[in-house]
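Chemist: I'd like to ask you about the structure that follows.
Rule-based calculations on the coordinates, nothing more; no lab input. Please read these numbers as outputs of a predicted model, since none were measured by experiment. Here the Cβ positions follow ideal geometry from the backbone for every residue, glycine too, while neighbour counts run over all protein chains shown.
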Amino acid sequence: MQNPMDAAVGKESVHRIMETIYALPTIYRDVILLKYTYQHNNAEICEILDILPETFNKRQNQAKHMLKDALAKEGLRCEKVR
């Protein structure tokens with residue numbers, strides 16, 4: 001069971017991560033939200049966004065780097081995202 005302080009810190013971290021995601025340019029934000037929030041697979045995301053798999057891969061990688069850098073500036077450490 002999580003203590004209240006850990007729960008509050010976790011909630012604040014999630015809020016900061018979501019703010020950082022929503023601050024990304026749309027082409028990167030969409031890929032991250034569709035993949036990790038809405039749980040679409042890569043093929044579905046390509047179809048939804050009408051992009052090629054190579055484009056998806058480039059956008060996803062760039063978005064992850066942008067998020068990692070932005071969160072590091074805020075003092076949040078990111079574990080590797082699948």
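Chemist: What ratio of Cα Rg to 2.2 N^0.38 Å holds for the range 4-73?
Modeler: 1.22
Chemist: With 10 angstrom as the radius, rank L67, L76, L52 by how many other C-beta atoms surround their C-beta, starting from the fewest.
Modeler: L52, L76, L67
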